[in-house]
Each structure stands twice: as C-alpha cells, then as structure tokens.
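One structure below.
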Amino acid sequence: MPQDFRLDNVGMVNREKKISFKFNGKKYFGFEGDTIASALIANGVHLVGRSFKYHRPRGFFGVGVDEPYAILQLDRNNERDPNIRATEQEIFEGLEVKSVNCWPSVNFDIGAINNFLKMFFPAGFYYKTFMWPPSFWYKIYEPFIRMAAGFGEASIKHDKERYEHKYEYCDLLITGSGPSGLASAYAAAKNGARVILAEDKPRFGGSLLTSDVNIGNQTGVEWTEKIIAELKSMPNVTVKNRSQVFGYYDHNMLVMSERISDHLPKTQKYLPKQRLWYIRANEVLISSGSIERPLVFGNNDTPGVMLSSAAKEYMKVYGVLVGKKPLIFTNNDSGYETAIEFKKNGVNPIILDTRSNPSSDIITEAKNLNIEIKFSHVVVAAKGYKKVKSADIAKISDDKKELFNIENIECDCICVSGFWTPSIHLASQSGNKSKFNEKIDAFVPDKSKQQENTIGSANGIFTLEETIKDAFDKGFDVSNKITEKNNKVSVPTVVEKKSTDHDKFWCVPLPKGKSYKRFLDFQNDVAVSDIELALREGFRSIEHVKRYTTLGMATDQGKTSNLNGLQLVSDIENKVVPQVGHTTFRPPYTPVSIGAIVGREVGKHSKPTRKSPMHSWHEKNNAVFVDAGVWLRPRYYKQGNEGLFEASKREAKNVRQNVGVCDVTTLGKIDVKGPDAAEFLNRVYTNAWLKLPVGKARYGVMLREDGIVMDDGTTTRISENHYHMTTTTAQAANVLSHLEYYLQLVWPELNVNVVSTTEQWAGAAIAGPNSRKLLMKLFPNLDVSNEGLPFMGYKEADLFGVPAKIYRISFSGELAYEINVESDSGYFMWEKIMEVGKEFQIQPYGTEALSTLRIEMGHVAGSELDGRTIPYDASLEGLVSKKKDFIGKRSLNRSAFTSTDREKLVGVVPIDKTTSIPEGSYIVKDPKAKLPNPKLGHVSASCWSVEYDNPFSLAIIKDGKNMIGQKLFAMSPLKNKTIPVEIVSSHYVDPEGKRVRS
Amino acid sequence: MLYINCPHCGLRSQNEFAYGGDATVKRPELNKEISDQEWDNFVYLRKSPRGKHLELWHHISGCRQWIKVERDTSTHEIFKTYKANEAIE
C-alpha cells in the first residue's frame, strides 16, 4: 500500500530505511523513526480502536504521552504487551500490533451497540445497575464486567525479557529536553554540576522540533543538536532519551523508566528491555512542558479530530499529513502555526477562530498566505462515523451562548486547540500545592515543596524568550548553590513570533433540538452530560465527581480531560476553577510496565538463596530440599521409590536405633563477648546465667517485653568473656536486632558486643545411641566418656587436622553431639562423619525426621512458640527464674498470664492408633455440638512416632495439665475429619530424659 | 524513599534501615517495683503524633546501630538524627 499521506522531503524519519509491520494482521510500511501512529496515518489509517464504554470508533488524538485513544496490544517474540500507546511506540521490522476493546474486528464491532444504548449507560451506571439481586453478582455481573473491562489482555506466560534497576545520584535532574530543559542543563553543566537530562521521546528538543523560531542565529532544531552534542561530550552530564521520569517521591527521589530495546526488532542479548532508574537528585528542574487542551463540541471524539499541535508534529517530525482537507478550530494563536504548516505543504486549511477580532504577527502571516479564516466561528459537531467527513460549523454570539448560520462544510480532519495546560504532575507529586493562573486558565506550581523548581511552559511561561532566559538563570542559580563555581554562560538571542491572548471559551453549546455527545474524557467516555448528571445527583467534591463519572481515571490519567472537566463543574456550580480545585496527581505520570518495577527480582532472584557448605553433598545424595526462610535444607534423602513419609520414618528410626547426622548449619549463631556478657545473658534469658561455668552449655528461653516467648536455643560459655549463642533458623536476624537494641539503647553501660557468626560455622548434629562410638573414632585423642564430655558439655578438638567445636546438646532426645567447624571445612567434616560412621549404620536425616524426633520427645519449636505462647503454655515454666529480673518478666504477672486454666502443651494420640491427625485440627469435647463448636485448643504439630509406630501429635489445649487421660476429639473441618483421641503427656518418648544423659 | 542521615555513616537510603517505632519510650529499670499501669504504658502505649516525632531506626544493612530520627510524620521532613545515646535537643 503506498503511503498516500506521506510528504516528500519533510520530517526527520529515515527515508533510506523502509520498515514493514503488521496492524490487525495487515502489512504496512513506514520508515525508521516512525511511531505506529505516524506510520498508520501515512497509510491513511485512522480507525485503530473502540472506546471503552460505547465502543465508538477511535483514531489518534495526540502525538505523545497524552494519547487517550490509540492504545494497542503488541505481540513481540510470542509475548503480549498490552496498553501500548501507538503515538509512543516506534516501529521496527516485524512488529505486530492489534486493536483492543473490539470484537470481532475494529471495523465491525458488536459492542458498538452500546453506543445506541447510551441512555442506559449514564454516569454511575455500574453502581446503579449491578446492585440487585445480590445473588447475581458472582455468576452474572462480575463475569460480564470482567469481560467488558480493560484495554488489551496481559499474557499469562512468564515474561522472558530482562528488566533492570539502577540507582543514580546527581546534583541536578532535568525532566524534559524542550527549550527550558536544554537551556538549564547547559547552564548547569557549564557551571560544573552533575546533570541528568531525561527526555521521554526518542528525539530531543520538545517544542523546538516543531516551532518556527530562531535561537542564537540557529533554527530550533539546529540549536537543539548543538546543545545536545555538547552536553553528551561532557563527563558530568548524562543525557537520556526514551526515558520518562514518572514519579517524584520523598526526599528528592525520582523514578525514571528508560525504554532501552522496546523499539528494537528482537530481544537484544545483552540489553535489557527497560531499565528503572532510582535517582536521588540534590535539585530538580521540572521542564515537562505543556499539553494542548481540546475544545469541546458535538462528536468531538470522531477519528480525525485531534490536537492541532499533534497535526503539526506529524507534519514536521514525521512528514505525515493527518488530512488533506483540514479544519483548524482554535481559541488562540497556536492553531495558526498548524494552519501555516499545512499551507506550506500545499494543503488548504480553513481556520475557525472563536475570537471575534484578534491580531498578532502570526495571524497577519496566515492572512498573507491567503488562509481562509472565519472569526467568531465554532465547530458545532463533527460528522462521520469511522472518520470525519464534514463538520457543522456556526457563527457564535459574543457572549458565546447563541449559534447562528449553522452550515455543513466538508473536511477530513479537525485540528483543535483550546490553549495549553502545563504538565504540573511532577511538581504536584513532590507536594507542591499548585495555584490557578487566570491568564492561562490553568494550574501552575506554587511554592517549591522539595528541592524542585518548574521552568518553561510547565510553569505557564509560553514565550520562548522568557523561557530561555529563565531556564538559563535557574540552571545557573541551582547549580551554583552546589558547585559555587560562578561560571555563567551568556543567554542567546531569541527570535519568535509574538502571540496574543487566548479566548477563555472552551465548550460549544448544543444547538436547539440536538443532543450530540460532547466528550471530556476520551478514554473513559465521559461526556458533558455525565458530569451534569453527577452534579444533579448531588456530587459536589471534585474527587467524588471524578470517581463517580470516572473522569480522568483512565490510563492517560486525564492529561487532556482534567481542566475541561474542572471548567465544566465550575460553570455549573457558578464557581471559578480554583474554588473547585483539582484532583490529586499521583505517580506514575505514564503507565509503567510491571516488569520494570519488578526488575531482576523474579523467580530465584526475588530473594537470596542460602545454602550450607554441605549443600552439594546433599544434592549428590538425593536430598529433597525444603525452603526454611531463605535457606534450602534437605527435607529427606530419597532412597529408591520412597516418598516423604517412608523416607523420614526410616531416617528417624535410624537415629533412635543407630546414629544419624543432620545439617544444622542454618541455626542462627551469635557471638556474645565482653566482661558483662554473663550479666547481659542473665537479663535476656528467663533462666539464670551468672553461674554457668566455662565449657558448659545451657538451654535458654527469651521473651519479648509483653511476656510472649520470642526464641529459644542453647548458649555455650566458650571462655570467661565469650559466649556462643544459637537461635532458631527463622528468628536469627530478629534476635540479633533485639540484642543490639538492648545493648545500644537500654543498657549501654554493659560492656558487651554481639555479632552474627551464622555464616562462619558449619554444623552437623550427630544423634543416636551409636553417636559416642562414632565420636570416639572421629576424635581419638579426646575423652568423650559421659564424665569427660557430659550432657551440656563443650570441648574443642581436632577433626583430622581441622579445628572443631563439640557441643553435647540434643534436639532429638537421643544421646547427641553437635560438631561445628569453620564453614570452609564443612564439606570435609560431613564426608568424614559419613565415612567413619559407616560401621555404625549412620544415615543422614532431613528436617522431616528432625521434626518427628522432636515432636515425640515433646520438644517445642516454631509451631508451639508461635508468637502467642508464654513459657507456661509451652511447658517451659521451669526455666523462668523467680529470683532475677529479665526482659518480659513483669508481663508474666498479668492476670491472663497467671490464670490456671491457660492453654498448655499436651500430647495427642488417636484412639485407633492409625489415623494421623491433621495439623491445625481443633480439640473438642463433643464433635456433634452446635457450631461454633467450643474449642479446647489446637493441634500444633503431628508426626508418625517411630518409637511406638503410631501417629502422635502435640497440641496446646485449655487446662492441658488436668486433661491428661481424657478422651476427646480432633476435628479438622478442612480435611473433613473427626478423630477420637486420647490426651497424653507431651513427653511421649523417654519422659525422664535418660537417653540424652546416657 | 526517605534519605536518612545516619550519624555514623552519613546519608543513606531508607531501604538500608528498619523502622523501630517511638524513641521517647524509656524502659523501666530492672528490679524496680512499678504499677501495672506503668508497665502497660511502657509495653503497649506508643505516641503516633501528626507532625514532629522522635523515632528509632536501625541501620540494619549498614553499621547496625540503632539511631534516633526526628521526623515529621506528615511531611517526612527529617530535622535531625542522633546516635543512640546522644542527648536530644
């Protein structure tokens, strides 16, 4: 298909490089440097989508971030990318995009029936329609709304693209490379500041690309190129295109998304798709420019109606005509620039100016070019369904209330200009309360809240001369605060055409007997009538009107609709716009892909994976791993066809009968050192610590100040002032912070230091009746007899040349030892233990067997110490000192904590000795009682007792002490099980604790 | 993201810190007889003012020191930061 609307020799696209792409399955051609929008317009395509609510035809309205219509879905490397703005996405060879919100096709869309049912879709239609009957919600209403909602469809497949995050610091961040951005960047960079200049488009220059101006005897484009080249050559400057600063957060942190390979044909091996920059800037200059405001008239959403500045940019940047019979509808001088550009390219526009008799340089120029101008004229309504075919125009009275001489004239596009709206979003996000500027009928930033200043048209300055001068000054002032170099560059001379005032008129009245839809929000289909209805129904606050009508709530965030909406509310309410106020601007300024926000933190990269030094041994020996916090721990070692149940039973049984070895590297380890270490431990733990001799370990329980058990573990006195504390795997980090809190803030007088040594030691627990025999072979020169190394004893010895620490402690309830060596020797230690242990039938055991062993011994762990239990509940009250004070002690006096029928730890055995009790089951007296069945407590942990070969569980139940021997029921409504059980002691195996002392 | 001036390390981003709550609370001395009410006030009662507030932050991915930060809870403005036992002005 020939590019019928492409101009010869105009624009900045690369004519040498033709690019083919597909839109809705059909092949088109464009040039390198085209966006989807410019390439489609060059091919005469204006129908690209359907509107959200009424499914009205949608074309192109803008040329950049403000685009409300042309939202497409991109297919790329078999991945989908919804919510792509055709005005921003550059084409590349093989690009495929399609329309959204239409079925079966954009040309023939069934949903367009909504357009004829529009009386049934007023503002608040969702709230009014889907209210009753309530039973309809899940089956009918919600599926219906879901089907109708949204633009495009996200892929459910894993996104294979790479996204990156980058942290950056600078003296000055400048958001936008228009005239003010360039000038301030240049002035600041020359003054020695570290500058980042960010431009969201591929090309630098902003309005300089399209305006007919002269700076320092150069055209706008030439001056831009010169400044950019110089900035790029400076080491203190970073210049980024395709980079949108979309959020202004606290303490001058701004976030920018850089589209690195979105415009490139296929995934580049070493390039991420996008990069998110977190920029901490000392100062920010907001030069985000302004967006042209639409004028409101009948059917102003018809494809072919677009912003006049967009039409100009399509011509000047892309060499594309948006139409060949253009109508320019304007209330200010900007429309004339577009008209003159059309005329220069051999197209005859007609200008409708709402003003009665304006005069300025540019109007004179248009007149001299013989452009037809109709003053005091308006477009009443656009005609045509899928594309503008003609327009009803009329003369308007001076009070702008009456229309005369309505006539129909032929046209193929209507370029509108309702003056300019500064993009104050970033300033507003920073906390800057904006103020209303009567002269330009728009809000501009007020006092700076953070270290930010707004310059150029974003600050409501619309003449180039003033913009350039102000930007040079601000760039110097702001940088000089930081660099103090006083290096000021001279401001170039500026030549531009002088403009005159705009007309405050913005909305064309309806002619008698007509009910044209006049749209304010083009993406969410909010019309003048919807706002009127909302106000009739009593909505007053602009925030409420916004939510009720969805004005400005689409993905374009109301960039083109916001001010016209405010204007309408103020007109109806007989107020002025500043009285109505504006809704809150929130980040992001433009949609950001979820991938960019997530960055590299996907899958296994979402958090670090910690592995013990013995990990590769476990892998080689068929370990099945389980996540324990960020650690990977062997859950069981699979033999043959074993499952979890068989394997863990075998492993646990072998511990009870022979000897097992378990990797306990993950336990938290903290070195506590200093002359006051004993006193500190005495305050931290509930039991007494002052008399623990060197070379002995002790089990301790620590509480939070509210009396709840925080953690437990053993601590060993290595030497006079050195203790080795262990914590549970899960609480290691919290316990360290807890200790630091008390040492630094509460008892700074204690001379103690704590440091984590978790990573420094590899640990292996050797447990079972054969463990002493194994130890004798591992440490032939060490006396490991019950007298030489008693229960809770500690020794240092040499393990085949490696220094080792031996703690005689036991979690399994068997005769057991824990050997620690420096991490680097962990693998060696493990191999030696396995090698030497062979003759004693050693087997490694995982966390599942470990649980089985501790449960049937009645040892508590995380499932009992669950943040709700005090020592009494977990049967740890014997460890609570009555003599000394410690963290949390005072709380144990609270009446609820001293009540005698508190829930307490017990053992539970099913009466049939075969049915396992699901963890989390409730213990109840009467399984048939009326719901809610009064519960006595819950089952905290379950296992298959290898000692007795039947199921056994721990439970925490009311008055547990006096419940032993009772026959009750364990109910699990989730598993639909009711199991008759007997309550027994929690110490199911070896209640006297003979084995650990044997 | 806040920018917190750690008195030991200098300006660091918030993601290096963990929040520690009200810094004006003082733990009762050990072994001191106090009423239930006094103890409850220490364990449970925390000020959550709108405006200036003295807070604890733990430089958990930095020097591991607990610091005190005087911050405006509504604007996030940070006025001053203190070492754990520095006198508060």
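Looking at region A:341-449, the strands (runs of 3 or more DSSP E) lying wholly inside it that each contain 1 or more residues that are under 30 Å from A:A42 (Cβ atoms) sit at A:350-353, A:372-375, A:377-383, A:390-396, A:403-410, A:413-417, A:420-422. Please work out if A:E814 is acidic (D, E) and either farther than 21 Å from A:S998 by Cβ or over 52 Å from the mean Cα position of the chain (by Cα) (or both). So A:E814 fails the test. When the test is whether a residue is more than 30 Å from A:N282 (Cα to Cα), in a loop (DSSP other than H, G, I, E, B), more than 11 Å from chain A (Cβ to nearest Cβ) and under 17 Å from the mean Cα position of the chain (by Cα), B:R46 passes it. Kindly provide the set of residues from region A:885-936 that are crowded, with 16+ Cβ neighbours inside 10 Å and within 14 Å of another protein chain (Cβ to nearest Cβ), ordered by number. Within region A:885-936, A:F886, A:I887, A:G888, A:K889, A:R890, A:S891, A:L892, A:R894, A:F897 meet the criteria.
Of A:K343, A:K325, A:K273, all but one fail to be modelled with pLDDT under 95 and over 22 Å from A:I424 (Cβ atoms); the exception is A:K273. Residues that are touching a Lys or Arg at 6+ places or on another chain (Cβ under 6 Å) and either of a type in the set (G, A, S) or within 30 Å of B:E29 (Cβ to Cβ) (or both) within region A:887-937 comprise A:G888, A:G937, listed in sequence order.
Across region A:467-502, which residue is surrounded by the fewest Cβ atoms within 10 Å (Cβ to Cβ) among those that are hydrophobic (A, V, I, L, M, F, W, C) and in contact with a Phe, Trp or Tyr (Cβ under 8 Å, 6 or more places away or on another chain)? In this case the residue turns out to be A:V489. Would you please name the residue that is farthest from A:R894 (Cα to Cα), looking only at residues in region A:837-848 that are assigned to a helix (DSSP H, G or I) and not basic (K, R)? Per the stated criteria, the residue is A:E839.
Considering only region A:730-746, I want to know if a residue exists there that is outside any helix (DSSP H, G or I), out of contact with any His (no Cβ under 9 Å at 6 or more places or on another chain) and closer than 25 Å to A:W617 by Cα. Yes, some residue in region A:730-746 is outside any helix (DSSP H, G or I), out of contact with any His (no Cβ under 9 Å at 6 or more places or on another chain) and closer than 25 Å to A:W617 by Cα. In this structure, B:K52 does satisfy being modelled with pLDDT of 95 or more and exposed (fewer than 15 other Cβ atoms within 10 Å of the Cβ).
Considering region A:390-432, the residues that are under 28 Å from A:Y589 (Cβ atoms) and free of Cβ contacts under 8 Å to residues at least 40 places away in the same chain include one that is farthest from the other protein chains (Cβ to nearest Cβ), namely A:N432. Taken as a whole, the structure leaves B:K83 outside the set of residues that are within 28 Å of A:D885 (Cβ to Cβ), exposed (fewer than 13 other Cβ atoms within 10 Å of the Cβ), in contact (Cβ under 8 Å) with a residue 12 or more places away in the chain and facing another protein chain (nearest Cβ under 10 Å).
Taking every residue in region A:488-511 that is outside any loop (DSSP other than H, G, I, E, B) and pairing it with any residue that is surrounded by 15 or more Cβ atoms within 10 Å (Cβ to Cβ), at least 6 positions away or on another chain, the pairs with Cβ-Cβ distances below 6 Å are A:V494/A:I215; A:V494/A:L464; A:V494/A:E465; A:V494/A:I468; A:V495/A:N214; A:C507/A:V296. Of everything listed in (1) farther than 30 Å from A:P509 by Cβ; (2) surrounded by fewer than 21 Cβ atoms within 10 Å (Cβ to Cβ); (3) of a type in the set (D, E, K, R), the single unmet condition for A:R635 is (2).
Considering region A:1-52, the residues that are among the β-branched types (V, I, T) and under 18 Å from A:E341 (Cβ atoms) include one that is surrounded by the fewest Cβ atoms within 10 Å (Cβ to Cβ), namely A:V10. Scanning region A:25-59 for residues that are part of a loop (DSSP other than H, G, I, E, B), within 21 Å of A:Y314 (Cβ to Cβ) and of a type in the set (S, T, N, Q) turns up just one, A:N43. All conditions but one from (1) within 13 Å of chain B (Cβ to nearest Cβ); (2) surrounded by fewer than 18 Cβ atoms within 10 Å (Cβ to Cβ) apply to A:L736; the one that does not is (2). Can you tell me which residue within region A:849-883, out of those that are part of a helix (DSSP H, G or I) and among the hydroxyl-bearing types (S, T, Y), is surrounded by the fewest Cβ atoms within 10 Å (Cβ to Cβ)? This residue is A:S851. Candidates in region A:245-273 are the residues that are polar (S, T, N, Q) and more than 12 Å from chain B (Cβ to nearest Cβ); of these, the one that is nearest to the chain's Cα centre (by Cα) is A:S257.
Here A:H251 passes the criteria (1) in contact with a Leu (Cβ under 7 Å, 6 or more places away or on another chain); (2) on the phi < 0 side of the Ramachandran plot except the one numbered (2).
The values are calculated or read from the model by the stated rules, or taken from the named source; none is laboratory data. Just so you know, these numbers come straight off a predicted model, no measurement behind them. Cβ coordinates were reconstructed from backbone atoms using ideal geometry, including for glycine residues, and neighbour counts include every protein chain displayed.
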